Amino acid sequence: MKRIIALTVVLALMLALFAACGGTADKKEEDGTASAGALKIGMEIGYPPMEYVDADGVTPIGFDVDVAYELGRHLNREVELVDTAWDAIFTSLDSNRYDAIISSVSITPERQEKYIITKAYIANKLVLITAADSQVTKPEELAGLRVATQTETTADIMMNELIDGGLALGDYFVYDKIIQCFDELKLGRVDAVMVDSVVAAYYLGEDSERYKTAWENDEGEPLGIALKKGNDDLAAQIEMALDEMYADGTMKTLAEKHFGRDVTEGVR
Amino acid sequence: MEKVMEILRQMSGWVDPLVKSSGITLSLSVLSVIIGILGGTFIALGRISKNKLINKVCGGYIFLFRGTPLLMQLFFIYYALPLAIPAMTLNNRFVAALIAFSVNSAAYQAEIIRAAIQSIDHGQAEAARSLGLTPNQTMFLVIIPQAIKRMIPPIGNEFIMVLKDTSLVSTIALVDLMKRTSQIQSSQATALVYLPSAVIYLIFTGVFTWLFNRLEHHHARYE
């Protein structure tokens, strides 16, 4: 008797499992046909206020997220966001995991050489964040101090150039997530964080008395959308859609929603 | 053929930075497994102990550290602990990682050691007692020496797991072999760097597998 019960339970469980698997497989197929033309956008969702998850822990929000969806509306295509670790974000573009990167990509000559980068859609520059009482006024004065950046960002690249150029930092740390850099600054384990101004504004807004912007790069580092070389048609469509979004005031509205001021003014 | 030579030349340039970064991988895994064995032995003895309180405390320790992800423990020790209890701030990344890996490994090794001790035939303990040995003498002179041979294979297994788990330390900005590999991958824009890196990992695991086999044979000499 016991054996029969056990066998029934096992069979029922297996059936349930099959049903569950079948269900998801069906759903996937449906999605596949429904969104065959979906525009896949790669982003590292963990970079507030540009791209991060809402308090519910799943919904992506932020300036870039809104830009991606607006772009989809202008191109008349569904948008699918693909969350990716930052240090693999360009490799995944190479291997066609998504069509474009909208993830606070700074426009640099190196990146323009390897990828198609659209014209800028938002102004940005590197800034150095320190404690309010710090004496530092520029990166060259960081000798002997501990500095943190996010791995493979333009901030990381700039710090490496300074180090190669002979700047003797006390210590240099690179983190996977920008949030960890600010955690370390708050815990006093680093003296300065080099970061994009669009992100710094967000963190300083929370703690403006204890921290300050010690230095701003004179050279702007506006952000663009990256596509794979050869994907010229889509790039042209995106450029056109971005132009439209500027003309009809969408970008201004989005910027004011996320930054409280129009950080997109005059970048195009 | 020329292409192969070119790739090999490129790879040889990566070997030096990779080997240098593997110092952290190696020292962290060796030290935390050693500390884990020491801690695990005490916890295993506590688990066997007839004292109810000690028994429960040790059981709770194993439940806690085996039941939560290692990455979470690492984050907790490094990021959350200083916020919760400022006096327990660990600013040295390596020490923080070492503590996380050691307490985690101790939980696993406690179970390995307990199982090995309890697998020794009861007759051994009875014989020792009938010869007039105290319970402590029985444990440390009769049971544990025989149990060691049985714990070596699973501890070797545990060591290899820890060696690979050390790749988690990149999350607290320590640059280990895995982190250096992905740094090279993104700066040189080639995934080929995984090849020499995998070879280095295999050399480590190969050497330690051989070492643990030797140890096992050495301890098998009484059987």
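Key figures
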| quantity | calculated |
| --- | --- |
| Average Cα contact separation per residue, chain B, under 8 Å, 6 or more apart, as relative contact order % | 28 percent |
| Debye log10 I(q)/I(0) at q = 0.07, 0.10, 0.11, 0.13 Å⁻¹ for the range B:2-222, Cα point scatterers | -0.30, -0.57, -0.67, -0.86 |
| Average beta carbon contacts from partner chains per residue of A:176-187, 10 Å cutoff | 3 |
| Distance between the range B:97-152 and the range A:237-268 - C-alpha centres, whole angstrom | 69 Å |
| Residue-averaged beta-carbon neighbours from other chains (10 angstrom radius) around B:189-201 | 1 |
| Computed magnitude of the charge dipole of the range B:1-131 (debye, nearest 20; Cβ of K, R +1, Cβ of D, E -1) | 440 debye |
| Kirkwood hydrodynamic radius (C-alpha pairs) into Stokes-Einstein, chain A, 4 °C and 1.567 mPa s, D in µm²/s | 63 µm²/s |
| Convex hull projection area averaged over all views, the range A:126-216, Cα basis, nm² | 5.0 nm² |
| Residues whose placed amide H lies under 5 Å from that of A:R146, excluding near-sequence neighbours | A:G170, A:D171, A:D191, A:A192 |
| Among A:E221, A:E110, A:E140, residue whose mean-square fluctuation peaks in a GNM of chain A (springs only between Cα atoms under 10 Å) | A:E110 |
| Chain lengthening between A:A132 and A:D233 when straightened (0.36 nm per residue, less Cα-Cα) | 31.6 nm |
| Per-residue mean of C-beta atoms belonging to partner chains within 10 Å, peptide A:91-104 | 1 |
| Mean-position separation - Cα centroids, the range B:55-90 and the range A:48-114, in angstrom | 35 Å |
| Residues whose placed amide H lies under 5 Å from that of A:W215, excluding near-sequence neighbours | A:L128 |
| Cβ-based exposure ranking for B:V193, B:V142, in which fewest neighbours within 10 Å come first | B:V142, B:V193 |
| In Hz, Karplus ³J(HN,Hα) per residue of the range B:21-37 (6.51, -1.76, 1.60; θ = phi - 60°; x = Gly, Pro) | 6, 6, x, 5, 4, 6, 5, 5, 6, 5, 5, 6, 5, 5, 4, x, 5 |
| Positive dipole terminus of the range B:1-160, leading residue within B:S22, B:M11, B:Y61 (C-beta point charges) | B:Y61 |
| Shape category assigned to the range B:155-217 from the gyration tensor of Cα positions, a/c cut at 1.5 | oblate |
| Taking the convex hull of Cα positions in the protein assembly as shown, its mean projected area over all directions (nm²) | 33.6 nm² |
| 3J(HN,Hα) from dihedral phi, the range B:42-58, Karplus parametrisation 6.51/-1.76/1.60, rounded to Hz, x for glycine, proline | 5, 5, 5, 5, x, 5, 7, 4, 7, 5, 4, 5, 4, 4, 5, 4, 5 |
| Cα pair distances in the range A:218-268, grouped into 5 Å bins until the bin that holds the longest one, percent each | 4, 17, 23, 23, 17, 11, 4, 0 |
| 3J(HN,Hα) from dihedral phi, the range A:97-105, Karplus parametrisation 6.51/-1.76/1.60, rounded to Hz, x for glycine, proline | 5, 8, 7, 8, 9, 10, 8, 6, 7 |
| Net charge, B:L18 excluded, C-beta distance under 12 Å - Lys, Arg +1, Asp, Glu -1 | +1 |
| Among A:T130, A:T91, A:T118, residue whose mean-square fluctuation peaks in a GNM of chain A (springs only between Cα atoms under 10 Å) | A:T91 |
| Near-label residues of the range B:180-203 by backbone N, under 18 Å of a point 7 Å along Cα→Cβ of B:V30 | B:200-203 |
| Label-zone membership for the range A:80-110, site A:K257, 7 angstrom Cα→C-beta point, backbone N under 19 Å | A:80-82, A:102-104 |
| Dipole of chain B, positive end: most advanced residue of B:F101, B:P135, B:G36 [Cβ charges, Cα centre] | B:P135 |
| In nm, spacing of pseudo-spin labels at B:V15 and B:L38 (7 Å Cα→C-beta vector) | 3.6 nm |
| Among A:L223, A:L167, A:L128: highest mean-square fluctuation, GNM of chain A, C-alpha pairs under 10 Å | A:L167 |
| Estimated FRET transfer efficiency when R0 is 22 angstrom, pair B:S167-A:I157 (beta carbons, to 0.05) | 0.40 |
| FRET efficiency, A:V58 to A:A168 (Cβ-Cβ, R0 51 Å, nearest 0.05) | 0.70 |
| Eligible lysines near A:K186 by straight Cα distance, threshold 26 Å, same-chain separation 8 or greater | A:K125, A:K138, A:K177, A:K212, B:K179 |
| Long-range amide H partners of A:E44 with built H, under 5 Å | A:T84 |
| Debye, to nearest 20: dipole size of the protein assembly as shown, +1 on Lys, Arg Cβ, -1 on Asp, Glu Cβ | 3240 debye |
| B:A220 versus B:K3: modelled label distance in nm, points set 7 Å from Cα along the beta carbon direction | 4.7 nm |
| Label point distance in nm, B:L133-A:D248, each placed 7 Å from Cα along Cα→Cβ | 8.6 nm |
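Read-outs: derived from the displayed coordinates by stated rules, not from any lab. Note that this is a predicted model, so its numbers are computed, not measured. No Cβ is skipped: glycine too gets one built from the backbone with ideal geometry, and neighbour counts run over all protein chains shown.
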